[in-house]
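The values are calculated or read from the model by the stated rules, or taken from the named source; none is laboratory data. This structure is a prediction, so every number in the text was calculated from the model and none was measured. Ligands, DNA and RNA are excluded from the accessible area calculation, which covers all protein heavy atoms including side chains. Shrake-Rupley method; radii C 1.70, N 1.55, O 1.52, S 1.80 Å.
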Amino acid sequence: QEQLVESGGGLVQAGGSLRLSCAASGRTFKNSNFPMGWFRQAPGKEREFVASIRWTTGSTLYSDSVKGRFTISRDNAKNTVYLQMSSMKPEDTAIYYCARSRLAWNAGQSEDIYNYWGQGTLVTVSS
């Protein structure tokens with residue numbers, strides 16, 4: 001079974017930190033190292049790009065809204081991608097999704113290039 005499962009969501013205070021995990025399993029993920037991304041969707045808002053990483057090289061891309069506060073990383077041995085969130089703000093409140101790009105060379109911001117998605121994990125930041 002091919003699957004992406006997010007975990008680590010919860011409630012934090014503004015200025016605090018939280019780490020999300022995305023565990024990948026299944027033949028597609030085991031036999032390839034395509035880029036992985038994090039997206040988020042706040043209530044009443046469009047889903048937006050947060051960060052991405054090229055699994056093999058570790059090269060990263062961040063949205064301007066989280067750059068300098070969030071860090072995406074991966075552990076190849078564990079088939080897991082992480083999103084370390086620091087200096088969190090109430091506007092970071094959203095459901096966070098991890099996803100895999102369908103193109104080995106593309107780790108861009110468009111959600112159209114990501115074809116596998118997790119179920120999401122809720123992050124709530126209080127004032």
**Message:** Number of Lys pairs in the chain with C-alpha atoms less than 28 angstrom apart, excluding same-chain neighbours closer than eight positions?
**Reply:** 5
**Request:** Quick one: compute the contact order of the chain, relative version, from alpha carbon pairs under 8 angstrom and 6+ residues apart, as a percent.
**Result:** 35 percent
**Prompt:** Just the Cα atoms of the stretch 56-127: what Rg and Dmax do they give in Å?
**Reply:** 13.1, 40
**Request:** Give me the percent of the accessible area of the chain that comes from carbon and sulfur atoms, probe 1.4 Å, all protein chains in place.
**Result:** 46 percent
**Asked** So what's the Cα pair-distance distribution over the chain, bin width 10 Å, in %?
**Response** 14, 50, 30, 6, 0
**Prompt:** Rounded to the nearest whole Å³, what is the per residue volume of the convex hull around the Cα atoms of the stretch 51-91?
**Reply:** 66 Å³
**Message:** Could you tell me the extents of the stretch 1-53's C-alpha atoms along the three principal axes, largest first, rounded to whole Å?
**Reply:** 39, 22, 20
**Prompt:** log10 I(q)/I(0), Debye, Cα-only the stretch 28-78, no solvent, q = 0.17, 0.23 Å⁻¹?
**Reply:** -0.58, -0.88
**Request:** Write down the accessible area per residue of the stretch 1-94 in Å², having rolled a 1.4 Å probe over the full set of protein chains.
**Result:** 52 Å²
